[in-house]
Amino acid sequence: MGWRSFVAMGDSFTEGMDDAYPDGTYRGWADLVAARLALETGPDFGYANLAIRGRLLDQVVKEQVEPALAMRPDLVSFAAGGNDVLRRKADPVALIERVDPVIGRIRATGADVILFRFADVAAMLPGQRLVAPRVAALNDGVRRLADKHGAYLIDLHGDETFHNPLMWSTDRLHLSGAGHRRVAAHVLAALGVQVDDGWLLAPPMPAPAPWLSARGADLRWAGQYLAPWLKRRLTGASSGDLVTAKRPSLAPVQAVEKG
């Protein structure tokens, strides 16, 4: 099927952190998918990316859904809720209940929808025993939504390659460039679009670090990444407060050859 327009909605996962272009902006899986679809469709293909880092589910719905619908795209990705389940009082069932009518509205326009079961990021973070059940419940709900609405489901949680820490950036929360390429490959495969197998390649799994070295790395990580995150939580700030969508309207995108 030849899609002529693609709108991506969500948070940092879809914005593309931490897959940086040389100028410091972010590429990510959605840019890669759009460039490949442009090759399939031609110069009239349009792509918009409304995702902004740090956004909670309700913010994504409030800020991005109406602009996305106004563009009348024929392909939409929706990935949100990951920031919510990192919060202690998050209710994954309630999150899915709020997503359900959104996906219904998008599908009612005739657009195809891409949904995600998130990779096991909890395994990379402290407190995983608290976070993992919420991620699992969110993922189970997304599967039900995909079945209900006939959406494309990208099952990243079922891909054990994401257990490799090199698929993640140094902050242990966002994907690395290799992680984003692998996500893009999964999306394109689900859409029936060929892509070079190189996008599925992963770096070799690193050898386990000695206990003392690993604990030192944990302490450095906590100081560099966890402490600022906790400070933002306490002050009500967000990493995306001063960030705007990188592609707020449909525009042509440079096509890329396979690979």
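The values are calculated or read from the model by the stated rules, or taken from the named source; none is laboratory data. Predicted, not measured: the structure shown is a model, and the values here were computed from it. Cβ coordinates were reconstructed from backbone atoms using ideal geometry, including for glycine residues, and neighbour counts include every protein chain displayed. Heads up: the accessible areas ignore ligands, DNA and RNA and are worked out on the full protein's heavy atoms, side chains in. Shrake-Rupley method; radii C 1.70, N 1.55, O 1.52, S 1.80 Å.
Here are some conditions: (1) over 17 Å from ILE114 (Cα atoms); (2) open to solvent by 20 Å² or more (accessible area, probe 1.4 Å). PHE45 meets all but one. Which one does it not meet?
Looking at each condition in turn, PHE45 falls short on (2).
Just to be sure I understand, how many residues within the stretch 76-97 are of a type outside the set (Val, Ile, Thr) and more than 16 Å from the chain's Cα centre (by Cα)?
So the first thing to find is which residues in the stretch 76-97 are of a type outside the set (Val, Ile, Thr), and the list is 77-84, 86-92, 94-95, 97.
Imposing the further condition that a residue be more than 16 Å from the chain's Cα centre (by Cα) reduces the set to 87-92, 94-95, 97.
Going through the stretch 76-97 one residue at a time, the tally reaches 9.
Could you grab the pairs with beta carbons closer than 8 Å, sequence gap of 6+ or different chains, first residue in the stretch 72-86 and in the same structural domain as VAL193 (by the TED database) and open to solvent by 20 Å² or more (accessible area, probe 1.4 Å), second one β-branched (Val, Ile, Thr) and assigned to a loop (DSSP other than H, G, I, E, B)?
Qualifying pairs under 8 Å: ARG72/THR109.
Any residue at all in the stretch 177-188 that is modelled with pLDDT under 95, open to solvent by 30 Å² or more (accessible area, probe 1.4 Å) and either among the basic types (Lys, Arg) or more than 17 Å from GLY82 (Cβ to Cβ) (or both)?
Scanning the stretch 177-188, I find no residue that is modelled with pLDDT under 95, open to solvent by 30 Å² or more (accessible area, probe 1.4 Å) and either among the basic types (Lys, Arg) or more than 17 Å from GLY82 (Cβ to Cβ) (or both), so the answer is no.
Determine, yes or no, whether VAL142 is β-branched (Val, Ile, Thr), within 15 Å of ALA80 (Cβ to Cβ), modelled with pLDDT of 95 or more and out of contact with any Ser or Thr (no Cβ under 7 Å at 6 or more places or on another chain).
Values: β-branched (Val, Ile, Thr): yes; within 15 Å of ALA80 (Cβ to Cβ): yes; modelled with pLDDT of 95 or more: yes; out of contact with any Ser or Thr (no Cβ under 7 Å at 6 or more places or on another chain): yes.
In short, yes.
When you check ARG172 against the structure, is it within 20 Å of ARG117 (Cα to Cα), in contact (Cβ under 8 Å) with a residue 60 or more places away in the chain and open to solvent by 40 Å² or more (accessible area, probe 1.4 Å), yes or no? Steps first, please.
Values: within 20 Å of ARG117 (Cα to Cα): yes; in contact (Cβ under 8 Å) with a residue 60 or more places away in the chain: no; open to solvent by 40 Å² or more (accessible area, probe 1.4 Å): yes.
Judged against the criteria, ARG172 is not a match.
Checking LEU166 against (1) open to solvent by less than 60 Å² (accessible area, probe 1.4 Å); (2) among the aliphatic types (A, V, I, L, M); (3) closer than 23 Å to ALA30 by Cβ, which single condition isn't satisfied?
(1)
Would you list the helices (runs of 4 or more DSSP H) that sit entirely within the stretch 146-259 and hold 1 or more residues that are outside the structural domain of LEU50 (by the TED database)? Please lay out each step first, then the result.
On the way: elements: 177-191, 211-221, 227-235.
Ranges flagged: 211-221, 227-235.
Residues checked against (1) at pLDDT below 95; (2) part of a helix (DSSP H, G or I); (3) on the phi < 0 side of the Ramachandran plot:
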{"site": "ALA34", "(1), (2), (3)": "no, yes, yes"}
{"site": "ALA51", "(1), (2), (3)": "no, no, yes"}
{"site": "ARG55", "(1), (2), (3)": "no, no, yes"}
{"site": "ASP58", "(1), (2), (3)": "no, yes, yes"}
{"site": "ARG72", "(1), (2), (3)": "no, no, no"}
{"site": "SER77", "(1), (2), (3)": "no, no, yes"}
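In the stretch 203-259, which residue that is touching a helix residue (DSSP H, G or I) at 6+ places or on another chain (Cβ under 7 Å) and either open to solvent by 100 Å² or more (accessible area, probe 1.4 Å) or of a type outside the set (A, V, I, L, M) (or both) is modelled with the highest pLDDT?
Restricting to residues being touching a helix residue (DSSP H, G or I) at 6+ places or on another chain (Cβ under 7 Å) and either open to solvent by 100 Å² or more (accessible area, probe 1.4 Å) or of a type outside the set (A, V, I, L, M) (or both), the top hit is LYS246.
Residue under question is ARG105, and the condition is that it be modelled with pLDDT of 90 or more, surrounded by fewer than 21 Cβ atoms within 10 Å (Cβ to Cβ), over 25 Å from PRO252 (Cα atoms) and within 19 Å of the chain's Cα centre (by Cα); does it hold? Steps first, please.
On the way: modelled with pLDDT of 90 or more: yes; surrounded by fewer than 21 Cβ atoms within 10 Å (Cβ to Cβ): yes; over 25 Å from PRO252 (Cα atoms): yes; within 19 Å of the chain's Cα centre (by Cα): no.
Answer is no for this residue.
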